[in-house]
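Okay, structure first, notes after.
The values are calculated or read from the model by the stated rules, or taken from the named source; none is laboratory data. Everything numeric in this text was worked out from a predicted model, so none of it was measured. Positions of Cβ are generated from backbone atoms using ideal geometry, with glycine treated the same way; all protein chains shown enter the neighbour counts. Surface areas here come from the heavy atoms of the whole protein model, side chains and all, with no ligands, DNA or RNA. Shrake-Rupley method; radii C 1.70, N 1.55, O 1.52, S 1.80 Å.
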Amino acid sequence: MTSFAIIGLLVCVYFLLTPIDQTRPFAQDGPRALVAYIVDGDTLNLEGVQRRIRIWGIDTPERGETGFQEATNALRDLTKGQHLTVIAMETSSDRYGRTIARLRRDDGLDIGRAMIEGGHAREYCRYSKGYYGQC
């Protein structure tokens with residue numbers, strides 16, 4: 001194995017084993033915008049924000065799966081008429097070009113946590129590393 005491969009492997013292991021800081025506050029300077037359109041239970045568009053937002057650390061049923069419409073409606077109900085603060089959790093977009101982010105309403109409600117607690121999403125432990133306490 002080359003030294004570059006070993007360094008790359010060590011960096012990957014470090015990030016996999018490093019717990020996420022659950023006390024990390026929401027950024028005060030993150031983008032804040034009204035919801036423009038709900039795509040599904042874990043994806044939405046915000047007014048004036050070019051890229052779609054994929055809610056970090058949760059997973060909801062896909063179109064055609066049981067619970068899809070309920071999850072989509074739940075996200076719509078949680079965010080309708082609300083300004084959301086966006087906290088990007090990854091520096092690059094996902095394979096669909098979406099920004100991966102935590103979302104917070106002005107009243108402090110964490111949208112991902114609310115979706116899980118409402119039974120409309122499950123924690124996506126592979127990425128969240130137990131942030132929501134459901135892994």
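Values for this structure:
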| quantity | calculated |
| --- | --- |
| ASP106/GLU47 FRET efficiency (R0 22 Å; Cβ-Cβ; nearest 0.05) | 0.90 |
| About the Cα centre, charge dipole magnitude for the range 80-120 (Lys/Arg +1, Asp/Glu -1 at Cβ), debye | 120 |
| Global form of the range 45-135, assessed from the alpha-carbon gyration tensor, a/c cut-off 1.5 | rounded |
| Normalised alpha carbon radius of gyration of the range 61-103 [divisor 2.2 N^0.38 Å] | 1.39 |
| Exposure ranking of SER92, SER128 by accessible area [1.4 Å probe, largest first] | SER92, SER128 |
| Relative packing of peptides 116-124, 93-101, 62-70 - highest average C-beta neighbours within 10 Å first | 116-124, 93-101, 62-70 |
| Sequence-distant residues sharing a close amide H with GLU90 (under 5 Å, placed H) | ILE100 |
